[in-house]
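One structure is given below, encoded as structure tokens.
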Amino acid sequence: MTRLRALRNPWTVGLLGVLALALGLRLWGVRYGLPLAYNLDERSHFVPRAVEFFQSDSLNPHYQLNPSGLIEWIAAALAITHPHGVVKTWNTDPADVWTVARVASALLSTSAIAFIYAAGVRLFDRRAGLVAAALLATSFLPVHYAHLALNDAPSLAPSALALFAIAGVLRFGRARDYALAGFALGLAIGFKYNAAYLLAALLIAAALRASGRFSEIGGDGRRRLTPALSGLALAGAALVAGFLITDPYSLLDLDRFRADLKHLSDYTKGGLLLGETQRSGYVYYLWSIGWGLGIVPAVLTVAGGVRLLLRDRLTALVLIPGPLVFLAYIGTQERHFARYVMPLFPVFCLLAAAGAVWLGSWLAGRFGWDGRRAAVLGVAVAVIACAQGLVYSVHNDIVLTRQDTRDATRAWMVDHIPAGTRILVEPLVPQEWYRDGGLPVADRSQENFRWTRFIRTRADIARLARRHPGSRKNADFANYEYTLFPGLFDYYRRRGVCWIVSGSGQSGRAFNNPSRVPEAIRYYRQLPREAELRYSVSPFGRAGSGPEHPFQYDHTVDYYGLEYERPGPVMNVYRVRNCTPGKGAIAR
């Protein structure tokens, strides 16, 4: 009977509704692109290493650029769904493995909504808890990245749980609050290193307990300080335990841990990537919050923060400093991606919820409303706050259910380009794209590729470099544009490379920064004169619609704009004129 009464509670019903909405938004379109994972980070960092656990019978990921929490989570999901056949399924039906990994990511991401509700209730009240949950459920960035087997969205779950426990430290100061706060924070860092900014909130909450602001003990400072210090010691031990559970080889393989952290630090300081047009990290992340969280929620976040500073400074001291320091740090970096700011979203949702509740109460008082009309007004404020995220998340989910332009291009090529033909495809697709069924590729082998993937020989690189020094660079995603110059077309003809597959995921990077790669611009302008366009497909609708070379590091992979009709870049397939097709690989 008690459970039935709880289910009839409007707050419980509201939370369950928000959770259902959140899960639906995160699972809708979860199989997009499969069996191919087109997101470079998704296919590089987590799922293959989770599968490797079953291939090598070792839990050492031999990798620390990201902590291994998500790798372990995915491996656990695969062990449950495929107790005796993970490797076999990976080699024969990789889409099934990717689906399990993405669903596991979506489920963990959805649990963050329940934890942020609990944190909101503990810090403020049930109204704020439900608004915070609704904001996190519908904000665009958490929804989109929950579709992927990446650690950005799943790490929000232990972060939100840590905020719930830190609120307990602030309000009650019990040993179990310290222990849970430390353990949850350790788990969060074990999923994504930058969740460590929440350590500031824990330390400040403990300091406030020690100051006596929430103490019922009395005036003896030592009697207040001792529980806070012992609580922090307990939290520290729990944090280490939580982190080592999720990333044990950070300690067991300490040399790799140090080396990969240095590599990660060097990468973020490595200068603007080709194709980036915004030099200020601060401007970039403010812009990212405006669409990734939403304009109204961003305004409410500021309003909620100001309101807390005026009326509840202790809570403000716990919630606000950490995010400010975090923003100050990432704003100084030279490589910017919107998902880098997403660890702040649980705190932002709490502040925005406080702002929304205050605004609703103020408006109700202004109009002299109370009771049911005030409640309706509160719901209206919450709906308006969630509207932007919900509209763009639903649109993005619809886009993700449609065929990717790279899949459409491949389907056309299967019908029009004979198997074995030597082709050049810009770095837009994974190696598995060349194999029917998207089956995994061992090392750099081209075994069972439908077409021969053309790769420059060392001798050719040396000869080309005499004409264009950029040819010495690796023709990978980051450097491909530097290798291009108009003289390549004669080289292609000599090597029997008569088909060129080009896409805006590469050309757009050049056209965003033409002064950095002037030879690449000349190459692309020469391309229509040297080759005949045989096939074109656009993510914006019919071929030729939308910009010719669209590129932006976030929106090229998250399809935020309402102009998108399908995922993927603009793709073009060219047939080089006066060219005799070659077959097979060129001897090195």
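The values are calculated or read from the model by the stated rules, or taken from the named source; none is laboratory data. If you're wondering where the values come from, they're calculated on a predicted model, not measured in any experiment. Positions of Cβ are backbone-derived with ideal geometry, glycine not excepted, and every protein chain shown enters the neighbour counts. Accessible surface is based on the protein model in full, side chains and every heavy atom, while ligands, DNA and RNA are left aside. Shrake-Rupley method; radii C 1.70, N 1.55, O 1.52, S 1.80 Å.
Things worth noting here:
- Put simply, the C-alpha atoms of the range 376-484 give a gyration tensor, and the ellipsoid matching it has half-axes of 42, 21, 11 Å, longest first.
- Looking at the chain, the accessible area is 43 square angstrom per residue; that uses a 1.4 Å probe and ignores ligands, DNA and RNA.
- Going by accessible surface with a 1.4 Å probe and the largest first, 26, 311 read 311, 26.
- For the chain, the longest principal axis of the Cα atoms and the long axis of helix 156-171 meet at an angle of about 20 degrees.
- Relative pair counts by distance (%), Cα atoms of the range 224-293, 10 Å bins: 15, 23, 22, 31, 8, 1
- Principal axis box of the range 48-199, alpha-carbon based, largest edge first, Å: 52, 30, 25
- More than 17 Å apart - percent of Cα-Cα pairs taken over the range 153-199: 23
- Kirkwood Rh and Cα Rg combined as Rg over Rh, evaluated for the range 424-572: 0.96
- Semi-axis lengths, largest first, of the ellipsoid equivalent to the chain are 48, 26, 23 Å, with √(5λ) applied to each eigenvalue of the Cα gyration tensor.
- Fraction of accessible area attributable to carbon and sulfur, the chain (%, probe 1.4 Å): 59
- Estimated dipole of the range 1-125 in Debye, rounded to 20 [Cβ of Lys and Arg +1, of Asp and Glu -1, Cα centre]: 560
- Net charge over other residues, Cβ less than 15 angstrom from the Cβ of residue 544 (K, R count +1; D, E count -1): 0
- Among the GluC sites (Glu not before Pro) within the range 520-583, not one is in coil by DSSP while having at most 12 neighbouring Cβ atoms inside 10 Å.
- Cα lying deepest toward the dipole's positive end in the chain, options 204, 474, 336, charges on Cβ: 336
- Stokes-Einstein D (µm²/s) once Rh is taken as the Kirkwood radius of the range 233-337 over alpha-carbon pairs, at 37 °C in 0.692 mPa s: 193
- Per-peptide packing, taken as the mean over residues of other Cβ atoms within 10 Å, places 452-460, 65-73, 130-138 in the sequence 130-138, 65-73, 452-460 from highest down.
- Estimated D of the range 427-514 in µm² per second, where Rh is the Kirkwood radius over Cα pairs and Stokes-Einstein applies at 4 °C, 1.567 mPa s: 89
- Tilt relative to the chain, helix 345-367 - C-alpha long axis, 0 to 90 degrees, to 10: 60
- Angle between the chain longest axis and helix 10-27 axis [Cα atoms, degrees, rounded to 10]: 10
- Probe 1.4 Å, all protein chains present, accessible-area order of 522, 171, 534, largest first: 522, 534, 171
- Ordering 287, 369, 433 by accessible surface, largest first, gives 287, 369, 433; the 1.4 Å probe counts only protein heavy atoms, with every chain in place.
- Neighbourhood net charge (15 Å Cβ-Cβ; Lys/Arg +1, Asp/Glu -1) for residue 338: -2
- Taken about its Cα centre, the chain carries a charge dipole of about 600 debye when Lys and Arg each add +1 at the Cβ and Asp and Glu each add -1 at the Cβ.
- The relative contact order of the chain, computed from alpha carbon pairs under 8 Å that lie at least 6 residues apart in sequence, is 15 percent.
- Residue pairs exceeding 29 angstrom between C-alpha atoms, taken from 88/473; 192/269; 88/583; 473/583: 88/473; 88/583.
- Counting Lys and Arg as +1 and Asp and Glu as -1 over every other residue whose Cβ lies under 15 Å from the Cβ of residue 252, the net charge comes to -3.
- Rounded if a/c under 1.5, otherwise prolate or oblate - the range 508-588, Cα gyration tensor axes: prolate
- Over the chain, dividing the summed -39,500 (n - 2.57) contributions of all DSSP H runs of at least 4 residues by the number of residues returns a 222 nm mean residue ellipticity of -19000 deg cm²/dmol.
- Measuring with a 1.4 angstrom probe and ignoring ligands and nucleic acids, residue 57 comes out at about 140 Å² accessible.
- Note on the chain: dipole from Cβ charges, positive end direction compared against 412, 68, 350; the farthest Cα belongs to 350.
- Isolated cysteines in the chain, defined as those with no second cysteine Cβ under 4.7 Å, comprise 349, 386.
- In order through the range 415-424: 3J(HN,Hα) via Karplus (6.51 cos²θ - 1.76 cosθ + 1.60), integer Hz, x for Gly, Pro: 7, 10, 10, x, 4, x, 4, 6, 10, 10
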